[in-house]
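A.B. asks: Shown below is the structure under consideration.
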Amino acid sequence: MDNSGQNNLKRNKIEKKLLRKQIKARNTLMRHEGIECVSHSTQNLVIANGGLGNGVNRHQLLKVAEECGLVEALLMLPNKPYSFVKYGTTEEAKKAYDALNGKEITLDDSDQNVTLYVNFVEKVLWEDIMPVSLPPGLMLVEEFVSPEEEQKMLESIDWTEDEVIQNVQKSLKHRRVKHFGYKFRYDNNNVDKDKPLPGGLPKICSTLLDKCLKEGYIKHKSDQLTINQYEPGQGIPPHIDTHSAFEDEIISLSLGAEIVMDFKHPDGRTVAVMLPRRSLLVMAGESRYLWTHGITPRKFDIVHASEGQKVGSITPDVGDLTLNRRGTRTSFTFRKVRRSPCSCSYPSVCDSQQGSQREASSFQDSETEASKLEEEYVHKVYEEIATHFSSTRHSPWPKIVEFLRTLPKGSIVADIGCGNGKYLGINKDLYMIGCDRSQNLVDICGEKKFQAFVCDALSVPVRNSSCDACISIAVIHHFSTAERRLAAVCELARLLRPGGKALIYVWAMEQEYNKQKSKYLKEKRASKGKEERLNTDVAWGLFGDQMHDNASQDSECSDRVLRDSKDKDGNAKQVMKTKLPVHTNRTSFHSQDVLVPWHLKGGTKKKEECNKAQQLPTDSKELREFSPVFHRYYHVFCEGELEAACKTLDCIRIRESYYDQGNWCVVLEKQ
Ligand SMILES: O=C(O)CCC(=O)C(=O)O
Ligand SMILES: [Fe+2]
Ligand SMILES: [Zn+2]
């Protein structure tokens, strides 16, 4: 063949590959986002891989898009790996289609490349944009302090005391904190009201507090101050400041840098609020008592690009969102310690009105507390339910199978948290090893002649860079702090060789996505009274694999069962002690940190132990009828949370992220 023939062949090959990728992008958009691409030319394009979700900046995309014609609008959605471009004419859109499809662009702020895949769409999403209002009771006062006052306040903080603690906090990628007036205890999310700290609040704060009183932002002079310092990549988990600990108004001054704070209503509504530098955030009423507030640990925030839009709530589907690199933000949060029980109008989240039932979506800040909780509500439970659990885990999930089937022959693959080993035999061309925290589940893998061993996902006894791929399916949501979840991702990354890939699945807070209910929710009605489904295997596509639960777990009676076991045993069991909400199966989540009931049927691997644990009669017939309830701890992930955690690690790059039947999923590549 002559040279030009070879060149033609090569060109054909490249074109074919591009076409394949473009079609794949089109299918993914349809399957995961419900976006329908069309084969004829229109004015509108959807650009796969050109989204905020995979690190593309607004000005960067706009620059390449404008080279092809007049861009009427560019829509970039928070956390989405695609964007929409509307051109003035179809011709311009066609020109852009030809020029941008397959185009590689280098991301700003890194030397990574992404390849854009372009398709035409009939219409774009910005037609039903509505401005989002702030949560009721929330107020933002801009320029509350002057740049000079800001400077003075920042300089007044002495971070050098408690050097050891500060270093530990730093190495944990944890924000720095300092308390005045009363120490805030992260173990019980409260203050010791009879143990004020010597010295009270810093003098530098008094004029500021007087101003707040005068303006009516607070009713009582604050007597507690927490200073938080967040480096880029750090955050604070979503929480409600304990009602019984503090009075109504809570004020927080942002210094040094702006940041986006996320507010969430129990019904799932979220509002992202931009807190500019030197502004004062006032949380009162509903926004203080009912909504959680938190800062997602990430290095960039999604913000409005246009001037004059840079304060307050961020409209999710507006046409001018972009990424904003975070700086070091220091906040002064002032609160007034409460001296009598809270009598707010939000009893469902009020610890004063619910006895000890709930210290809200409290977060586990201490390592020992976290591992104790996981021991009780993850490890022990899986050990007990192993046999029953395994009997409900047969059908592999299609996307995970696809991942395993497309790995090169001979790849070494670790399944970290392999459960009953249902993925270990999917592709006979791979060398797969599994590990799990549960001995009983590992034994089940052994019975199936798979290679598996017991270990903790935070410390896998496998050498660095020794795996071509790893999977972590429904594991990381069982870790109870953000640090531990990140450490689990880190451990996966450690195992990978450069270029190696990891697939992670975690359970999503959003069980309804793009107006579609997940199979977990949809199963609600179907499963009622259908006991026979209990231990039977269910094929994917019929009603899912019951990944997180069994049809029988559908239970509005979970609370009752909990009380029963308490009354019977005269033993409140640890569930009560943890103060975590118990989730009702097959319903939406109202809290990110929950206990999910598992109604055990058919006995455990070690029946006697189960009987002991549940204080049940030993007769097997009665045991069958009784169906003891266990509770597994879950941290369900919000949209973007898994990616945000992954993005804090420099050694990996997110290749793909998607939503799959109530789960958030990422494919990572080791750099
Ligand atoms: O950093 C902030 O503005 C908020 C801090 C906060 O919510 C807290 O310490 O409870
Ligand atoms: Fe708070
Ligand atoms: Zn209250």
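A.B. asks: Which part of segment 99-122 falls in the paramagnetic zone of Glu67, meaning amide N under 14 Å from the point 7 Å along Cα-to-beta-carbon?
C.D. replies: Answer for this model: 99-107, 114-116.
A.B. asks: Assuming 0.36 nm per residue, please report the length gained on full extension of the stretch Arg325 to Ser343 beyond their Cα-Cα distance.
C.D. replies: Extra length from Arg325 to Ser343 when fully extended: 2.4 nm.
A.B. asks: What accessible area, in Å² to the nearest ten, does a 1.4 Å probe give for Trp159?
C.D. replies: Its heavy atoms expose roughly 30 Å² to the probe.
A.B. asks: Restricting to Cα pairs below 8 Å that are 6+ residues apart, what does the relative contact order work out to for segment 175-265? Please round to a whole percent.
C.D. replies: 35 percent
A.B. asks: Another question about this same structure. Report the accessible area of Lys448, computed with a 1.4 Å probe over the heavy atoms of all protein chains in place, in Å² rounded to the nearest 10.
C.D. replies: 90 Å²
A.B. asks: OK, next. Accessible area, 1.4 Å probe, largest first: how do Glu150, Glu231 sort?
C.D. replies: Largest accessible area first, the residues go Glu231, Glu150.
A.B. asks: Asn7 to Ile157: extension gain in nm, 0.36 nm per residue of separation minus the Cα-Cα distance?
C.D. replies: Difference between extended and current length: 47.4 nm.
A.B. asks: In Å, the Kirkwood hydrodynamic radius of segment 14-127 over pairs of distinct alpha carbons?
C.D. replies: 13.8 Å
A.B. asks: Normalised by the residues of segment 448-510, what does the relative contact order come to in percent, with Cα pairs under 8 Å and at least six apart?
C.D. replies: Result for segment 448-510 is 44 percent.
A.B. asks: Each label point is 7 Å from the Cα along the Cα-to-Cβ direction; what then is the distance between the points at Glu148 and Gln439, in nm?
C.D. replies: 7.0 nm
A.B. asks: Continuing with the same structure: Could you check the simple spin-label distance between Cys651 and Lys448, using points 7 Å along Cα→Cβ, in nm with one decimal?
C.D. replies: About 2.9 nm separates the two model spin labels.
A.B. asks: Work out from phi, with θ = phi - 60° and the Karplus expression 6.51 cos²θ - 1.76 cosθ + 1.60, the ³J(HN,Hα) of each residue of segment 204-214, listed in order in whole Hz, and give x for Gly and Pro.
C.D. replies: Ordered by residue, 3J(HN,Hα) equals 4, 8, 5, 5, 4, 5, 4, 4, 5, 5, 4 Hz.
A.B. asks: Step through the table entries Lys409/Lys519; Lys86/Lys647; Lys13/Lys647; Lys80/Lys501; Lys94/Lys299; Lys409/Lys670, compare each Cα-Cα distance with 28 Å, and write down the pairs that go over it.
C.D. replies: Exceeds cut-off: Lys409/Lys519; Lys86/Lys647; Lys13/Lys647; Lys94/Lys299.
A.B. asks: Hey, what did segment 374-443 get for relative contact order, percent, Cα under 8 Å, at least 6 apart?
C.D. replies: 36 percent
A.B. asks: What is the list of residues in segment 636-663 whose amide nitrogen lies under 12 Å from a point 7 angstrom out from the Cα of Glu104, following Cα to Cβ?
C.D. replies: No residue passes the distance filter.
A.B. asks: Could you order Tyr659, Tyr431 by accessible surface area, starting with the largest, using a probe radius of 1.4 Å?
C.D. replies: Largest accessible area first, the residues go Tyr431, Tyr659.
A.B. asks: Using label points projected 7 Å from each Cα along Cα→Cβ, tell me how many nm separate Thr207 and Thr89, to one decimal.
C.D. replies: So the two model labels end up 6.2 nm from each other.
A.B. asks: Using a 1.4 Å probe, how large is the accessible area of Thr28, given in Å² and rounded to the nearest 10?
C.D. replies: Accessible surface of Thr28 is approximately 50 Å².
The values are calculated or read from the model by the stated rules, or taken from the named source; none is laboratory data. Since the structure is predicted, the reported quantities are computational estimates derived from the model, not experimental observations. For neighbour counting, all protein chains shown are included, and Cβ atoms are generated from backbone atoms with ideal geometry for every residue, glycine included. These accessible areas exclude ligands, DNA and RNA; they are computed on the full protein's heavy atoms, side chains included. Shrake-Rupley method; radii C 1.70, N 1.55, O 1.52, S 1.80 Å.
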